[in-house]
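Chemist: For reference, the structure I am asking about is given below.
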Amino acid sequence: MLKIKNLKKNFGKKKVLKGIDLTINDGDIIGIIGPSGCGKSTFLRSLNMLEVPTSGSVILDGDTIDLNDNLNDLRRKIGMVFQQFNLFNNMTVLDNIILAPVKQKLMNKTDATQEAIRLLKKIDLEDKKDNYPRELSGGQRQRIAIIRALIMKPNIMLFDEPTSALDPEMIGEVTKLMREIAKNGMTMVIVSHEMSFIKDFCTRVIFIDDGNIVEEGTPEEIFEHPKDQRVKTFLSKVKDI
Amino acid sequence: MKRIFKLLVIMLSIFLLSGCETETKDKLTMVTEAGFYPYEYYSNGEVVGVDRDIVKRIAEYLDLELEIKDVHFDSIISEVKSGKSDIGAAGISYTEERALEVDFTDNYIVSNQVIIVRNDSLINNIDEVSGKIAVQLGTTADSYLSENYPNIELIRENKFLACIEDLRQSKVDAVVMDEVPAKNIMDNTMRILEEPLFSDSYGMIVAKDNTTLLNAANAVINKMKESGEIDAILLKHLESKEETKEEVKESNNIFVKIYNRFYRSVILDGRYKFIITGFKNTLLIALGAVILGILLGTILALIRNFHDNTNKLKILNKLAKLYIDIIRGTPSTLQLMIIYYIIFGSSEVNMILVGIMAFGINSSAYVAEIIRSGLQSVDKGQIEAGYALSLNYRQVMTYIVFPQAIKNILPSLGNEFITLVKETSIGAYIGIVELTKASDIIASRTYDYFFPLILIAIIYLIITFILSQLVALMEKRLKNA
Ligand SMILES: Nc1ncnc2c1ncn2[C@@H]1O[C@H](COP(=O)(O)OP(=O)(O)OP(=O)(O)O)[C@@H](O)[C@H]1O
Ligand SMILES: [Mg+2]
């Protein structure tokens, strides 16, 4: 369980997050939507301290996350997938996947390699294990980025627009993998502009505007019966597109 | 990579150790600028001359072994003052200013400062001296003319050879310099005015508190003066010059002329040895400096990068930035002097090591910025992905940032090395015999400035050309890696 209490984040004078409270229960699949620049990425990145919050706290399974204290532990438990995949360009696919578990001594190299190959097989990319990221398509890279996070055995996975940088025909392979992971009970927080995916996939949806949570509820509540005018406006705009 | 690093460290330690080696026999160190025939000049790779012969006698008198150091004339007083050298003998004239800094021995030579003009000149005596006059910078002629002839335009050259060249090319109307070298280097298009402008006498200099050496030097000098030995020595050196002069036959054939210049500058008297030594030292200093620069620069870059990424180490970062700003904001010549005279002070130290230290420290500031911008060029997203996977700063740097940054950094470091090869030329200031100093030494014997300069320019070009090719090759390889 991840608890976020009165989370605030300023960039200089600019207030980006203005006090967010949220509890993420195990098994939740939370979709975060909202207009561009409202602070979705900043919020997501605050959860694993890629952005250090100005105030407020993040509590993981009862432990308050402290910048200096158990950061590595926190980050091991929270996997993250980025819009731009962010594979390490200087390493092969296999090395990308096993780097962190081996260096963090979660597994020895043989076990990690075995596990990586098992995961690669699952996504049909075993034959690419010795390729470099630049030799792969966007969809392939993103799926590898996902299993790179998965091999750390995280409790929660964060996705920041995982399909935005993909060609339309590749979106399916990535969302399919996400669904499979969800099936195994993974807790997920997803920022996305793919409204149909969010609606269909998430158990709860959160609408953020101007650094605040404006509305939260089931996909049905948010997409079919939005209460707040800002949500309505946003959804009508998105539908227009 | 690790192997190369190990090798570099070993090489550096060898330099350091070779600088520390201790010698058993006590020495008398004479400092001079060996480009002042017949008082001090190079023959067969060694500094010889009237001054050396006299100081040699002083050393024998004190039962010490003579060691000679060849530096820039401007540096001689600081050498003696700081205790790096015991005695300065370089045709130094007594001035009150100098006497404030060091003690002078009795005069051992009285020399005339004469006026040289072209044959067609209208200047025929002292009172007619006007227009542009060339002198060697920092000599007594320089100060004398500055004080007594406010209306002339003084052209101050680093070498008196350059003065004569100016006169030959009609860039100046007259040259004022010591009579003895004057007679040797003028040609038949010039004449020396009969009446000297003023007379000058030379003494040697020792540190203020060194009375033992002062007394010994005076005793030897006075004895030699009385017995006429000094005049004999002077004559001997002047005659030895006459001999070498005759070896080269003049000719009108252009190729023979070029060959003669080549022969005089390179082959005669084994002068190629200076070029070889200079070449070796230039490369050695540049290589040592670039290694030291990389070691220091990496530390600086890491401090700055760590601060940029984590906002920690604020004070250390400020210091690193200050260091980089100071180094990049002051002339490297100055840094070299400061390291040699102030940091190393009176300690005896291998000159090559001083060069490596000075240029290495200088280079570290540039290397730090090269490395820092190389590190910054690595995609931020990958760094974040590393952190998100629970890696720490060190791991992210080691496994993700460095391997990618090195592709940008290595070629720039190669270029830094090329820059350093050329930078080392200022090592001549403190007497390091690198390529430029080698050409200086040769020119001071042949009175032919251009040939050795062109020659070493070609050598610099070849070195930098080869290095540039290597850097280009490395760049290509890394791009494909
Ligand atoms: N490092 C930073 N420094 C300064 N301002 C920042 C920084 N990161 C984000 N911001 C600002 O914070 C605000 C929120 O940014 P954020 O990336 O969280 O928005 P977002 O909701 O993810 O937008 P999008 O849908 O376009 O991805 C924006 O106005 C952005 O310009
Ligand atoms: Mg975003």
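Chemist: Which condition number does residue A:56 fail, the rest of (1) away from ligand 2 (no atom under 16 Å from the Cβ); (2) closer than 16 Å to residue A:158 by Cα being met?
Modeler: Looking at each condition in turn, residue A:56 falls short on (2).
Chemist: Name the pairs whose Cβ atoms lie under 6 Å apart, with the first residue in the stretch B:333-346 and open to solvent by 50 Å² or more (accessible area, probe 1.4 Å), the second modelled with pLDDT of 85 or more, and 6 or more positions between them or separate chains?
Modeler: Between residues of the stretch B:333-346 that are open to solvent by 50 Å² or more (accessible area, probe 1.4 Å) and residues that are modelled with pLDDT of 85 or more, the close pairs are B:346/B:82; B:346/B:83.
Chemist: Name the one entry in B:430, B:406 that is in contact (Cβ under 8 Å) with a residue 60 or more places away in the chain, within 14 Å of chain A (Cβ to nearest Cβ) and at negative phi.
Modeler: Testing whether each residue is in contact (Cβ under 8 Å) with a residue 60 or more places away in the chain, within 14 Å of chain A (Cβ to nearest Cβ) and at negative phi leaves just B:406.
Chemist: Residues in the stretch A:59-85 that are within 16 Å of ligand 1 (Cβ to nearest atom) and in contact with a strand residue (DSSP E or B) (Cβ under 9 Å, 6 or more places away or on another chain): how many?
Modeler: 4
Chemist: Do you know which residues across the stretch A:148-164 are within 11 Å of chain B (Cβ to nearest Cβ) and within 16 Å of ligand 2 (Cβ to nearest atom)?
Modeler: Within the stretch A:148-164, A:158, A:160 meet the criteria.
Chemist: Tally time: how many residues in the stretch A:6-49 are over 14 Å from the mean Cα position of the chain (by Cα) and either within 14 Å of ligand 1 (Cβ to nearest atom) or crowded, with 16+ Cβ neighbours inside 10 Å (or both)?
Modeler: 20
Chemist: May I pose another question? Where the second residue is modelled with pLDDT of 95 or more and within 16 Å of ligand 1 (Cβ to nearest atom) and the first is within 14 Å of another protein chain (Cβ to nearest Cβ) and lies in the stretch A:166-194, which pairs have Cβ atoms under 8 Å and are six or more apart or on separate chains?
Modeler: Pairs that qualify, where the first residue is within 14 Å of another protein chain (Cβ to nearest Cβ) and the partner is modelled with pLDDT of 95 or more and within 16 Å of ligand 1 (Cβ to nearest atom), are A:189/A:30; A:189/A:32; A:189/A:44; A:189/A:158; A:189/A:159.
Chemist: Another question, then. Which of the residues belonging to the stretch A:188-210 are within 16 Å of residue A:43 (Cβ to Cβ) and either in contact with a His (Cβ under 6 Å, 6 or more places away or on another chain) or away from ligand 2 (no atom under 15 Å from the Cβ) (or both)?
Modeler: Residues satisfying the conditions are A:188, A:202, A:204, A:205.
Chemist: In addition: If a residue has to be of a type in the set (A, V, I, L, M, F, W, C), open to solvent by 70 Å² or more (accessible area, probe 1.4 Å) and part of a helix (DSSP H, G or I) to count, how many in the stretch B:309-332 make the cut?
Modeler: 5
Chemist: Between a first residue in the stretch B:372-386 that is more than 14 Å from chain A (Cβ to nearest Cβ) and a second residue that is assigned to a helix (DSSP H, G or I), which pairs have beta carbons less than 7 Å apart while being 6 or more apart in sequence or on different chains?
Modeler: B:372/B:301; B:372/B:304; B:372/B:305
Chemist: Here is a further query. Surrounded by 14 or more Cβ atoms within 10 Å (Cβ to Cβ) and over 20 Å from residue B:444 (Cα atoms): is that true of residue B:295 in this structure?
Modeler: Criteria met by residue B:295.
Chemist: When only residues in the stretch A:53-75 that are at the interface with chain B (Cβ under 9 Å from one of its Cβ atoms) and either surrounded by fewer than 22 Cβ atoms within 10 Å (Cβ to Cβ) or out of contact with any helix residue (DSSP H, G or I) (no Cβ under 8 Å at 6 or more places or on another chain) (or both) count, which is farthest from residue A:23 (Cα to Cα)?
Modeler: A:72
Chemist: Would you kindly identify the helices (runs of 4 or more DSSP H) lying entirely within the stretch B:90-170 that contain at least 2 residues that are within 19 Å of residue B:201 (Cβ to Cβ) and either without any contact (Cβ under 8 Å) to a residue 60 or more places away in the chain or open to solvent by less than 30 Å² (accessible area, probe 1.4 Å) (or both)?
Modeler: B:96-101, B:140-148
Chemist: Let me ask something additional. Name the residue that is farthest from residue A:142 (Cα to Cα), counting only residues in the stretch A:82-117 that are open to solvent by less than 30 Å² (accessible area, probe 1.4 Å), within 9 Å of chain B (Cβ to nearest Cβ) and outside any helix (DSSP H, G or I).
Modeler: A:91
Chemist: Considering only helices (runs of 4 or more DSSP H) fully contained in the stretch A:152-241, which possess at least 2 residues that are under 20 Å from residue A:86 (Cα atoms) and open to solvent by less than 30 Å² (accessible area, probe 1.4 Å)?
Modeler: A:168-183
Chemist: Which condition number does residue B:226 fail, the rest of (1) farther than 15 Å from residue B:59 by Cα; (2) under 32 Å from the mean Cα position of the chain (by Cα) being met?
Modeler: If we test residue B:226 against (1) farther than 15 Å from residue B:59 by Cα; (2) under 32 Å from the mean Cα position of the chain (by Cα), just (2) comes out false.
The values are calculated or read from the model by the stated rules, or taken from the named source; none is laboratory data. Because the structure is predicted, anything quoted here is derived from the model rather than measured. Methodologically, a virtual Cβ is constructed for each residue, glycine included, from the backbone with ideal geometry; neighbour enumeration extends over all protein chains shown. We work out accessible area using only protein heavy atoms, side chains counted, and drop any ligands, DNA or RNA first. Shrake-Rupley method; radii C 1.70, N 1.55, O 1.52, S 1.80 Å.
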